[in-house]
Amino acid sequence: MTVAASIVVVTHRGIGETVWACLASLASASDVEGAPLVRTIVVDNGGGPITPAGDYGPGVDDVICVENRGFGAAANAGIRLARRTSAAPIALLNDDVEVDEGWLSVLLGALADNDRVGAVQPMLLRHGTDLINSVGVNLDRFAAGSDRGIGVSVGMAGAPSAIDIFTGGAVLFRAAFLDETGGFDERYFLYYEDVDLALRGAEMGWTYRCDTGSVVHHHGGATTEALGDDRVRYQERNRLWTAARFASPSMLARAFWLSICKLRHSPRGAHAQALAGGLAGLPGALARRVAARSRNCGAIVFGDG
């Protein structure tokens with residue numbers, strides 16, 4: 001079967017209403033006349049038994065269950081399975097999104113326009129509203145990532161445009177981009193793995209777009225809220241790792257200063273662990289920065305000099 005794209009859906013919940021709704025929307029979009037032929041892969045890192053693909057609903061071709069080593073590792077497992085049989089683009093989706101009709105055709109068209117576009121993300125809306133959830137990702141002066149356009153009315157979305165960083169919640173990748181970058185850095189476990197991948201790819205000359213003609217609806221929050229204080233620990237540690245790998249010296253200093261200031265606030269234990277983890281990862285991140293500069297004759301540096 002020759003497919004136009006593979007779709008990888010990462011879930012930590014097993015079978016349930018959230019992933020069913022996601023997969024049903026994919027099946028419905030694929031059933032429309034003229035829709036691209038796809039292969040849908042579910043990657044479940046929830047630790048449950050292997051479940052037949054048909055139990056997830058119509059349109060699911062493969063299900064793989066993996067040990068929970070984080071979002072990036074689960075995504076990479078699905079990408080590897082897709083790449084074994086196809087060089088087609090690969091869409092990555094969180095299990096808490098639902099797609100509109102035509103979402104994939106728009107993204108495929110954007111990839112076809114320029115062979116150095118490594119990834120195209122749709123416009124994500126907050127589910128049940130006309131408010132934007134993401135049209136890309138920005139880093140602020142403390143190396144903290146935030147979604148572009150969040151909370152803005154869809155009427156203000158604007159035309160398709162270039163972006164520096166895509167969100168891993170819904171994005172279509174060119175296979176060559178994933179091959180060259182090696183996919184997600186699994187050390188991150190959760191949060192900022194998409195930022196890291198985008199910035200590493202940019203060092204290699206890849207560019208990215210957000211096409212607002214493709215619309216995906218995002219519920220958000222259910223899985224990560226169950227992490228408790230670990231959510232803060234991963235976010236803050238990985239923000240520091242990102243700063244160490246990509247930020248200017250002044251931004252890197254601000255990133256660590258913010259972490260020190262956060263020690264005064266709850267949850268103090270999680271903030272302390274994040275700072276310790278950030279410091280522990282600093283030498284390795286700086287070494288990867290130097291290696292990238294040597295390999296690519298330059299490195300992405302965010303923030304003022």
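Hey, got the dipole for the chain? About the Cα centre, +1 on K and R Cβ, -1 on D and E Cβ, debye to the nearest 20?
1520
Once label points are set 7 Å from the Cα along Cα→Cβ at both Ala176 and Ala226, what is their separation, rounded to one decimal in nm?
4.0
Using Cα centres only, tell me the gap between the stretch 1-79 and the stretch 117-190 in whole Å.
So the two Cα centres are separated by 20 Å.
Please give the net charge around Asp95, taking every other residue with its beta carbon less than 13 angstrom from that of Asp95, where Lys and Arg add +1 and Asp and Glu add -1.
Result for the neighbourhood of Asp95: -3.
Expressed as a rounded percentage, what relative contact order does the chain have, with Cα pairs under 8 Å and six or more residues apart?
18
Just subtract the alpha-carbon distance of Cys297 and Asp31 from 0.36 nm times their residue separation and send over the number in nm, one decimal.
91.1 nm
Once you have a ≥ b ≥ c as the square roots of the Cα gyration tensor eigenvalues for the stretch 190-305, tell me rounded if a/c is under 1.5, and otherwise prolate or oblate according to whether a/b is larger than b/c.
oblate
Test of understanding: what is the full-extension gain from Glu186 to Ile50, defined as 0.36 nm times their sequence separation minus their Cα-Cα distance?
46.7 nm
Given the options Gly155, Leu37, Leu263, identify the residue whose Cα lies farthest towards the positive end of the charge dipole of the chain (+1 on Cβ of Lys, Arg; -1 on Cβ of Asp, Glu).
Of the listed residues, the answer is Leu263.
Quickly rank 263-271, 118-126 as a protection proxy: mean count of other C-beta atoms within 10 Å, highest first.
In decreasing order of mean packing, 263-271, 118-126 become 118-126, 263-271.
How far is it, in nm, from the label point at Thr207 to the one at Asp62 when both lie 7 Å from their Cα along the line to the Cβ?
Modelled inter-label distance: 3.2 nm.
What is the sum of charges around Asn114, taking Lys and Arg as +1, Asp and Glu as -1, for the other residues whose C-beta is under 14 Å from the C-beta of Asn114?
Summing Lys/Arg as +1 and Asp/Glu as -1 gives 0.
Please report the antiparallel percentage of the DSSP beta bridges confined to the chain, to the nearest 5.
Numbers: 19 of 45 bridges.
Taking every DSSP beta bridge with both residues in the chain, the antiparallel ones total about 40 percent.
Which helices of the chain meet both criteria: a Cα extent of 27 Å or more along the helical axis and a mean Kyte-Doolittle score no lower than -1.0, with helices taken as whole DSSP H segments?
Once both thresholds are applied, what remains is 268-296.
Please report, in debye to the nearest 20, how large the charge dipole of the stretch 92-223 is about its Cα centre when each Lys and Arg carries +1 at its beta carbon and each Asp and Glu carries -1 there. Don't jump to the answer; show the numbers that get you there.
Numbers: 8 positive and 20 negative charges, 65 e Å.
Result for the stretch 92-223 is approximately 320 debye, rounded to the nearest 20.
Under a Cβ-only charge scheme (Lys and Arg +1, Asp and Glu -1), can you give me the dipole magnitude of the stretch 250-305 about the Cα centre, in debye to the nearest 20?
Approximately 60 debye in magnitude.
Out of all Cα-Cα pairs in the stretch 64-203, roughly what percent, to the nearest whole number, are more than 24 Å apart?
More than 24 Å apart: 29 percent of the Cα pairs in the stretch 64-203.
Do you know the relative contact order of the stretch 127-186, to the nearest whole percent, from alpha carbon pairs under 8 angstrom that are 6+ apart?
Relative contact order here is 30 percent.
Under a Cβ-Cβ cut-off of 10 Å, what is the net charge of the residues other than Ala29 that fall near it, where Lys and Arg count +1 and Asp and Glu count -1? Mind showing how you got there, number by number?
On the way: positive: none; negative: Asp31, Glu98, Asp100, Glu101.
Its environment carries a net charge of -4.
Shape call for the stretch 29-94 from the C-alpha gyration tensor, a ≥ b ≥ c root eigenvalues: rounded (a/c under 1.5), prolate (a/b greater than b/c) or oblate?
Judged from the Cα gyration tensor, the stretch 29-94 comes out oblate (a/c at least 1.5, b/c at or above a/b).
According to a simple spin-label model (label point 7 Å from Cα along Cα-to-Cβ), what is the distance in nm between Arg83 and Ala162?
Reported label-point gap for Ala162 and Arg83 is 2.6 nm.
Since every read-out is calculated from the coordinates, none of them should be taken as a lab result. The structure displayed is predicted, hence computed values, not measured ones. Don't worry about glycine lacking a Cβ; one is built from the backbone with ideal geometry, like all the others, and counts go over all protein chains shown.
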